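The structure appears right after this line, and notes come after that.
The values are calculated or read from the model by the stated rules, or taken from the named source; none is laboratory data. Here the structure is a predicted model, which means the values were calculated and not measured. Please note: Cβ atoms are built from the backbone with ideal geometry, for glycine as well, and neighbour counts cover all protein chains shown.
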Amino acid sequence: MDQRPGSGQLRHLRDEYHRFTVRRYLFLIGCCILLLALIGIATTLGSADLTVGEVYTAILAHFFPSLAETTPLASTIVWEYRLHRILFAIAAGFGLGIAGAMMQGVLRNPLASPFTLGISAAASFGASLVIVFGIGGLSNDIAIIVAAFLFTLLATFGIYTLSKLRGISPESMILAGIILMYLFSAMTSFLQYIGTTSQLQEVVFWTFGSLQRTTWGKLALVTVVIGACLPYIMLRSWDLNAMGQGDQVAKSMGVDVNQTRTRLMLISSLITAIIICFTGVIGFIGLVAPHITRLAIGGDNRFLLPASGLVGGALLLTADSLARTVLAPAIIPVGIMTSFIGIPFFLYLFLRKREGYW
């Protein structure tokens, strides 16, 4: 009996696909509009009062002085004190969101993220090592940044090396990540135990995560790295879609599964490293953003990857804005605020979502 769909059914499927594609594009556009709105709102928050209109006028006047006129005070507050932090929050959230989506895709595991695979724990150990043993001194931020970055890359190669001993697969990479997470966490705890009170405070502050030390230069570096990686990531989105159906299916479609998995893991780790070496450990963004996006527009990685980045940027900017205002003038570390946001969301997923993830 012929089970092929008729022309009417094919037309219906095409219409459904078209509507779903339009919905995905609208979601991306909506996220961009939301980010633009959040930039204006977040820039008004602080000890000096500014309106949203004054913020956008100051931004416009910086690029087009003939079209808009702003006050020196507003321009100074926006460009020297607030905007670089806000844009860094978006860039960092975008990078962590897209890195988490890639990790979940290549490992086919909804709990995969830079935080759960030990990459963040490695960065914490690298920073703690510098702080406790005084390499460059406590005030030498460059030494801390370099150490956190190098240990993040070391953890990535450790995951690759350990998983290669059993054959590169999602399961072996996850187990290797868990091993390294506990190892680096234990070593960081030991450094906290032997450190002085001031060193312990510095280590704890770094592990909480913060955007207080952002600069335009750091923002430029993070943006360049993410921008350089993004074209290759999008080029491999079809491979990720195939791998979501299982390794055997992907291989039958011509995908070099091991090579793709290794390269995308390295890229996601590089993006994570260049972010958290400046900010400290920021958890949950790489977990929550892909989940929200997948619930909204499905698992097609052509849309899921950039949308996860936009959602991650919106989440981190919202968390940082709340961190600056909840106990003002005190500023809560943004890593704490992202945890407060992430935990209720995962409780909601735990209680609601019962069907298979892929």
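Rundown of residues vs (1) buried (at least 16 other Cβ atoms within 10 Å of the Cβ); (2) in a loop (DSSP other than H, G, I, E, B); (3) of a type outside the set (D, E, K, R); (4) without any contact (Cβ under 8 Å) to a residue 60 or more places away in the chain, yes/no style:
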| residue | (1), (2), (3), (4) |
| --- | --- |
| L211 | yes, yes, yes, no |
| Q259 | no, no, yes, yes |
| T262 | yes, no, yes, no |
| A273 | yes, no, yes, no |
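Which condition breaks for F190 when tested against (1) out of contact with any Lys or Arg (no Cβ under 6 Å at 6 or more places or on another chain); (2) buried (at least 16 other Cβ atoms within 10 Å of the Cβ); (3) not charged (D, E, K, R)?
Here F190 clears every test but (2).
I'm trying to understand the selection: among the residues of region 224-236, which are surrounded by 18 or more Cβ atoms within 10 Å (Cβ to Cβ) and either in contact with a Gly (Cβ under 8 Å, 6 or more places away or on another chain) or assigned to a helix (DSSP H, G or I) (or both)?
Result: V225, I226, C229, L230, I233.
Among the residues of region 147-172, count how many are within 16 Å of N258 (Cα to Cα) and of a type in the set (A, V, I, L, M, F, W, C).
5
Just wondering, is there one or more residues in region 213-235 that are more than 16 Å from G309 (Cβ to Cβ), modelled with pLDDT of 85 or more, of a type in the set (G, A, S) and over 17 Å from the mean Cα position of the chain (by Cα)?
Yes: one or more hits.
Which condition from (1) modelled with pLDDT under 85; (2) crowded, with 20+ Cβ neighbours inside 10 Å is the one that S120 breaks?
(1)
Here are some conditions: (1) on the phi > 0 side of the Ramachandran plot; (2) touching a helix residue (DSSP H, G or I) at 6+ places or on another chain (Cβ under 6 Å); (3) free of Cβ contacts under 8 Å to residues at least 24 places away in the same chain. G254 meets all but one. Which one does it not meet?
All conditions pass for G254, except number (2).
Please state which one of I276, I336, I332, I292 is more than 16 Å from the chain's Cα centre (by Cα) and either over 23 Å from A122 (Cα atoms) or modelled with pLDDT under 90 (or both).
Exactly one of I276, I336, I332, I292 is more than 16 Å from the chain's Cα centre (by Cα) and either over 23 Å from A122 (Cα atoms) or modelled with pLDDT under 90 (or both), namely I332.
What are the residues in region 77-117 that are modelled with pLDDT under 90 and among the β-branched types (V, I, T), if any?
The answer is V106, T116.
When the residues of region 16-74 are narrowed to those that are among the small types (G, A, S) and touching a residue at least 12 places away in the same chain (Cβ under 8 Å), which ends up surrounded by the fewest Cβ atoms within 10 Å (Cβ to Cβ)?
S47
Within region 171-193, is even one residue within 30 Å of E80 (Cβ to Cβ), in a helix (DSSP H, G or I) and not basic (K, R)?
No, every residue in region 171-193 fails to be within 30 Å of E80 (Cβ to Cβ), in a helix (DSSP H, G or I) and not basic (K, R).
So, in region 269-320, how many residues would count as being at positive phi and in contact with a Gly (Cβ under 6 Å, 6 or more places away or on another chain)?
So the answer is 2.
Within the set of pairs 6 or more residues apart or between chains, which connect a residue that is surrounded by fewer than 24 Cβ atoms within 10 Å (Cβ to Cβ) inside region 288-311 to a residue that is among the hydrophobic types (A, V, I, L, M, F, W, C) and not in a helix (DSSP H, G or I) with Cβ atoms less than 7 Å apart?
G299/W358
Return yes or no: is F278 within 20 Å of F149 (Cβ to Cβ) and of a type in the set (F, W, Y)?
So F278 passes the test.
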